[in-house]
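Q: Sharing a structure here in structure tokens format.
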Amino acid sequence: MGYLIGKGEDAAFWAKLRQDYDIYAPKRFPKQGRFSDTDIIRYDRVESGAEIVFDEKSDYPAKEVLTPICQAILYFTEDEYRASKASQRPILLFMRPCDIHAMQHQEKIYLENGGVADLYYRRMRERVHIVLMECSEGWDTCFCVSMGTNRVEDYALAVRQTEQGLLFDVREDALKTYFAGQPAADFQPVFVEKNSVSVTVPEIADKELLLKLKEHPFWQQFNGRCESCGACTIACSTCTCFTTRDVIYGDNPAVGERRRVTSSCQVSGFDDMAGGISFRKDAASRMRYKMLHKFRDYKARFGDHHMCVGCGRCTDRCPQFISVTATLEKMAAAVAELSSASK
Amino acid sequence: MNHDINIKKLRINCFRQSKVPGEFMLQMRCPGGMIDAKYLSFVQHIAETWGDGSFHIGTRQSLDFCGIKYEDIPAVNAYIRTYIDEIENGVCQVGMEVDEHGYPTIGARNITACIGNHHCICGNINTFELARKIEPLIFPSHYHIKINIAGCPNDCNKAHLCDFGIIGTAKIDYHPERCIGCGACVRACEHGATRVLELNADGRVEKDPCCCVGCAECVKACPAGAWTRRPEPFYRVILGGRTGRQTPRTGKVFLNWASEEVVLAVIGNWHKFSAWVMDYKPEYLHGGHLIDRAGYKKFKELILDGVELNPECLVAEDIYWHETEYRSNFNVKPMRMHHHAGPSNG
Ligand code: SF4
Ligand code: SF4
Ligand code: SF4
Ligand code: SF4
Ligand code: SF4
């Protein structure tokens, strides 16, 4: 059963929804892009559908709502501490299929990995009700079909933007009341079945091949090309790395807060350890680490999926025009070359 | 050939004397250095019909044609009427009379501009759109002024070497909640700007705002969008730079963080200021010399007359230029040789 929330007649609808839910969606921040007179689209709290950007892909992913770039996790005084507080209000989170799949990866890392569920992730995740934003064609950097993330079955609401207004498919019972009295419409979301790029993730048959691949000279092209800025990972829907940082209040070292701050394997210094050890000393080895983590190691560890949902945001945000799909193709070519040589 | 030509009159008409007797170079205005490519057919036609077949991009981004015969000037002027009308009135909204006699004055020189944020990843402003807004304020007028516009403090267009150099800047906001403490902005500012950023013990960036030049290199470097430009553009106005045979010098900051309205209002006063200095009798004299004659304080008083400064705008209280004096004690001379500024009494 679908509904049409007509353009210009939707103020009461959104007001009612806002009373009970915090609504987060991709929003335009005019002139806040990397270059002057360019915009940025990122997640923020919105008041109504008019603020939501439907016809462009957001520059930054939906994960920013669940795991903000910077959040206080606990406050300490001398030998006591308490966790930061969070709102209990439910969230309607407008997400595209890739973002929804990415959230499932995040759940694995934050809730299952290591056997302890992360409190901060869990309390946010529990608030989230998924609003699926339909992608009609996708964009030129998308490759969700290749990664199997183009379809979504589970959602509370699905939405499509039309000339007349927003079409909603309502799956979650608790949300039905908000649509009472709205004109019915025949709407079921469709999914992108073909992207303009498609990739095949190479199978890396054994450890020997993996070791050879790590040494393959093609990685060297990223020295001098990749700036190790980390823009790709910050924009990545699935990256979860963070660091913790203690902030002391004023001049009293016994009082302060601990923050969780997003971090990136692409930034130099990320893997520095006590004793002056660091594993990956150049851009090429950081790129190799990222690519193998996304397209081999994660799946080798967790089984079912690669740690990439094909959202293409890393490609979009890379200031050096390093395309993840092109890099993956180069990696696949190196794997093919090494496999045929060893036969 | 026996020529009888009023070359001063022709110069005002934008035809400059050639070393070949009886030949002239036409300089067509091209505000901000940007025109539709379709006008290149005009260029080709003029060069091949009346010129020597070649074409020079003027140092002030004018379109220059050499080898035009004195006798052909009326035909050339009739032909460029459309160009003048479309560029000056159409594109720049000057609202001037255009007839078959060509340019009415050379006066204010062609406003030059770098490509700015129309293309450049560094640019903070659209340079040629600003040029098009300034054109009606200074043209047509017999008073000279050279204006160079640069899209950012990199100043590719040498705003420091003209009467009024206008540099597009940005006021930058910091969003600590988006900062990952990577230090990329700190390195970018150190490497490419003024070294005003520092990462503190909390992993936050601190800025010494006094010396930020508003280039936005930090914005470009940040992987997380933690620095953003304010939506409205700001401008630094560099005053009194010049080249020349007497006292070339680099311009100095006159206004910092001026709004577009302020820049336009200041330039709008140029005509009044020049007229006052020259006692309302325009001569072929470059703008910088007028500022010298009046003195900076008088210049400031007249040029800021009626201008409402935006709250961020800073104004130089004084300016200490540093000339290259090709002849030492250049200014020490008999009193009768001193220049006079302002209306003569009686
Ligand atoms: S690696 Fe790139 S394409 Fe894959 S999920 Fe991350 S940002 Fe999206
Ligand atoms: S791949 Fe691009 S975005 Fe990622 S670290 Fe290298 S230069 Fe930055
Ligand atoms: S001055 Fe700045 S905007 Fe203009 S071309 Fe140079 S770098 Fe680009
Ligand atoms: S805008 Fe200011 S802080 Fe940013 S790089 Fe330029 S000088 Fe440094
Ligand atoms: S570049 Fe951005 S994220 Fe990195 S320290 Fe500077 S403001 Fe923070």
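Q: Could you please find all residues in the stretch B:38-59 being more than 16 Å from B:Ile80 (Cα to Cα) and within 24 Å of the chain's Cα centre (by Cα)?
A: Just the residues of the stretch B:38-59 that are more than 16 Å from B:Ile80 (Cα to Cα), to begin with: B:52-54, B:56-59.
Residues satisfying the conditions are B:His56, B:Ile57, B:Gly58, B:Thr59.
Q: Is it fair to say B:Pro248 is away from ligand 5 (no atom under 15 Å from the Cβ), more than 30 Å from B:Asn331 (Cα to Cα) and either within 24 Å of the chain's Cα centre (by Cα) or surrounded by fewer than 16 Cβ atoms within 10 Å (Cβ to Cβ) (or both)?
A: Working: away from ligand 5 (no atom under 15 Å from the Cβ): yes; more than 30 Å from B:Asn331 (Cα to Cα): no; either within 24 Å of the chain's Cα centre (by Cα) or surrounded by fewer than 16 Cβ atoms within 10 Å (Cβ to Cβ) (or both): yes.
No: the conditions fail for B:Pro248.
Q: In addition: Exactly one condition in (1) at pLDDT 95 or above; (2) in contact with a Ser or Thr (Cβ under 8 Å, 6 or more places away or on another chain) is false for B:Pro140; which is it?
A: (1)
Q: Provide a single number: the residues in the stretch B:321-342 that are within 20 Å of B:Gly241 (Cα to Cα), surrounded by 11 or more Cβ atoms within 10 Å (Cβ to Cβ) and among the small types (Gly, Ala, Ser).
A: Residues that pass the stated criteria total 1.
Q: Shifting gears a bit: Of (1) among the small types (Gly, Ala, Ser); (2) surrounded by fewer than 15 Cβ atoms within 10 Å (Cβ to Cβ); (3) within 14 Å of chain B (Cβ to nearest Cβ), A:Ala15 satisfies all except one. Which?
A: (3)
Q: Could you check how many residues of the stretch A:24-41 are buried (at least 21 other Cβ atoms within 10 Å of the Cβ) and either within 14 Å of another protein chain (Cβ to nearest Cβ) or not hydroxyl-bearing (Ser, Thr, Tyr) (or both)?
A: 5
Q: Still on this structure: Here is a list: A:Pro253, A:Pro217. Which entry is without any contact (Cβ under 8 Å) to a residue 24 or more places away in the chain, farther than 17 Å from A:Met291 by Cβ and open to solvent by 80 Å² or more (accessible area, probe 1.4 Å)?
A: A:Pro253
Q: Say whether the condition of being open to solvent by less than 40 Å² (accessible area, probe 1.4 Å), touching a helix residue (DSSP H, G or I) at 6+ places or on another chain (Cβ under 9 Å), touching a residue at least 12 places away in the same chain (Cβ under 8 Å) and within 12 Å of chain B (Cβ to nearest Cβ) is met by at least one residue in the stretch A:79-92.
A: No, the stretch A:79-92 contains no residue that is open to solvent by less than 40 Å² (accessible area, probe 1.4 Å), touching a helix residue (DSSP H, G or I) at 6+ places or on another chain (Cβ under 9 Å), touching a residue at least 12 places away in the same chain (Cβ under 8 Å) and within 12 Å of chain B (Cβ to nearest Cβ).
Q: OK, next. I'd like the residue in the stretch B:146-160 that is in contact (Cβ under 8 Å) with a residue 60 or more places away in the chain and in contact with a Phe, Trp or Tyr (Cβ under 9 Å, 6 or more places away or on another chain) and, out of all such residues, is nearest to ligand 5 (Cβ to nearest atom).
A: B:Ile149
Q: Mind counting the residues in the stretch A:309-337 that are away from every other protein chain (no Cβ under 14 Å), within 16 Å of ligand 2 (Cβ to nearest atom) and open to solvent by less than 20 Å² (accessible area, probe 1.4 Å)?
A: 7
Q: Next question. Which of the residues belonging to the stretch B:229-245 are surrounded by fewer than 23 Cβ atoms within 10 Å (Cβ to Cβ) and facing another protein chain (nearest Cβ under 7 Å)?
A: Answer for the stretch B:229-245, where residues must be surrounded by fewer than 23 Cβ atoms within 10 Å (Cβ to Cβ) and facing another protein chain (nearest Cβ under 7 Å): just B:Pro231.
Q: Can you confirm whether B:Thr194 is away from ligand 1 (no atom under 16 Å from the Cβ), open to solvent by 40 Å² or more (accessible area, probe 1.4 Å) and under 25 Å from B:Leu130 (Cβ atoms)?
A: Taking the combined requirement at face value, the residue satisfies it.
Q: While we're on this one: Assuming B:Ile291 fulfils every condition listed in (1) surrounded by fewer than 16 Cβ atoms within 10 Å (Cβ to Cβ); (2) in a helix (DSSP H, G or I) apart from one, which condition is it?
A: (1)
Q: All but one of (1) within 13 Å of chain A (Cβ to nearest Cβ); (2) away from ligand 3 (no atom under 16 Å from the Cβ) hold for B:Thr169; state the number of the condition that does not hold.
A: All conditions are met except number (2).
Q: May I ask you to list the residues in the stretch A:300-326 that are within 13 Å of ligand 1 (Cβ to nearest atom) and free of Cβ contacts under 8 Å to residues at least 60 places away in the same chain?
A: Within the stretch A:300-326, A:Ala326 is the sole residue that qualifies.
Q: Something else now. Can B:Lys158 be described as open to solvent by 10 Å² or more (accessible area, probe 1.4 Å), in the same structural domain as B:Trp270 (by TED's automatic domain parsing) and of a type outside the set (S, T, N, Q)?
A: yes
Q: When you scan the stretch A:49-74, how many residues do you find that are within 15 Å of A:Pro30 (Cβ to Cβ), open to solvent by 20 Å² or more (accessible area, probe 1.4 Å) and within 14 Å of chain B (Cβ to nearest Cβ)?
A: Matching residues across the stretch A:49-74 total 1.
Q: Which condition breaks for A:Ser263 when tested against (1) within 25 Å of A:Lys85 (Cα to Cα); (2) more than 8 Å from chain B (Cβ to nearest Cβ); (3) of a type outside the set (A, V, I, L, M)?
A: Evaluating A:Ser263 over (1) within 25 Å of A:Lys85 (Cα to Cα); (2) more than 8 Å from chain B (Cβ to nearest Cβ); (3) of a type outside the set (A, V, I, L, M) leaves (2) as the failure.
Q: Return the pair list, or none, for Cβ contacts closer than 7 Å from residues in the stretch B:167-189 that are under 10 Å from B:Gly214 (Cα atoms) to residues that are near ligand 5 (Cβ under 8 Å from one of its atoms) and of a type outside the set (Gly, Ala, Ser), at least 6 apart or on different chains.
A: Qualifying pairs under 7 Å: B:Ile172/B:Cys218; B:Ile172/B:Trp227.
Q: Of the conditions (1) within 13 Å of another protein chain (Cβ to nearest Cβ); (2) away from ligand 4 (no atom under 16 Å from the Cβ); (3) touching a residue at least 24 places away in the same chain (Cβ under 8 Å), B:Ala201 satisfies every one except a single condition; which number is it?
A: Answer for B:Ala201: the failing condition is (3).
Q: Please enumerate the residues belonging to the stretch B:161-187 that are within 14 Å of ligand 4 (Cβ to nearest atom) and open to solvent by less than 20 Å² (accessible area, probe 1.4 Å).
A: B:Ile167, B:Gly168, B:Thr169, B:Ala170, B:Cys179, B:Gly183, B:Ala184, B:Cys185, listed by residue number.
Q: Would you mind finding the one in A:Asp186, A:Asp282 that is open to solvent by 70 Å² or more (accessible area, probe 1.4 Å) and more than 14 Å from chain B (Cβ to nearest Cβ)?
A: Result: A:Asp186 is the single residue among A:Asp186, A:Asp282 that is open to solvent by 70 Å² or more (accessible area, probe 1.4 Å) and more than 14 Å from chain B (Cβ to nearest Cβ).
Q: Another question about this same structure. Would you mind telling me which numbered condition in (1) within 14 Å of chain A (Cβ to nearest Cβ); (2) in contact with a strand residue (DSSP E or B) (Cβ under 8 Å, 6 or more places away or on another chain) B:Ile134 fails?
A: Here B:Ile134 meets the rest and fails (1).
Q: Further question on the same structure: Here are some conditions: (1) at pLDDT 95 or above; (2) more than 23 Å from A:Gly256 (Cα to Cα); (3) buried (at least 21 other Cβ atoms within 10 Å of the Cβ). A:His105 meets all but one. Which one does it not meet?
A: Condition not satisfied by A:His105: (1).
Q: May I ask you to verify whether B:Gly102 is touching a helix residue (DSSP H, G or I) at 6+ places or on another chain (Cβ under 7 Å) and more than 30 Å from B:Glu71 (Cβ to Cβ)?
A: no
Q: Output the residue which, of all residues in the stretch B:265-283 that are in a loop (DSSP other than H, G, I, E, B) and out of contact with any Ser or Thr (no Cβ under 8 Å at 6 or more places or on another chain), is nearest to B:Lys133 (Cα to Cα).
A: Initially, the stretch B:265-283 is screened for residues in a loop (DSSP other than H, G, I, E, B), giving B:269, B:278-283.
When the remaining residues are screened for being out of contact with any Ser or Thr (no Cβ under 8 Å at 6 or more places or on another chain), the result is B:269, B:278, B:280-281, B:283.
Details: B:Asn269: 14, B:Met278: 26, B:Tyr280: 25, B:Lys281: 26, B:Glu283: 25 Å.
Looking at the filtered set, the residue picked out is B:Asn269.
The values are calculated or read from the model by the stated rules, or taken from the named source; none is laboratory data. Quick caveat: nothing in here was measured; it's all calculated off a predicted structure. Quick reminder, even Gly has a Cβ in these numbers, built from the backbone with ideal geometry, and neighbours come from all protein chains shown. All accessible areas refer to the heavy atoms of the entire protein, side chains included, with ligands and DNA or RNA removed. Shrake-Rupley method; radii C 1.70, N 1.55, O 1.52, S 1.80 Å.
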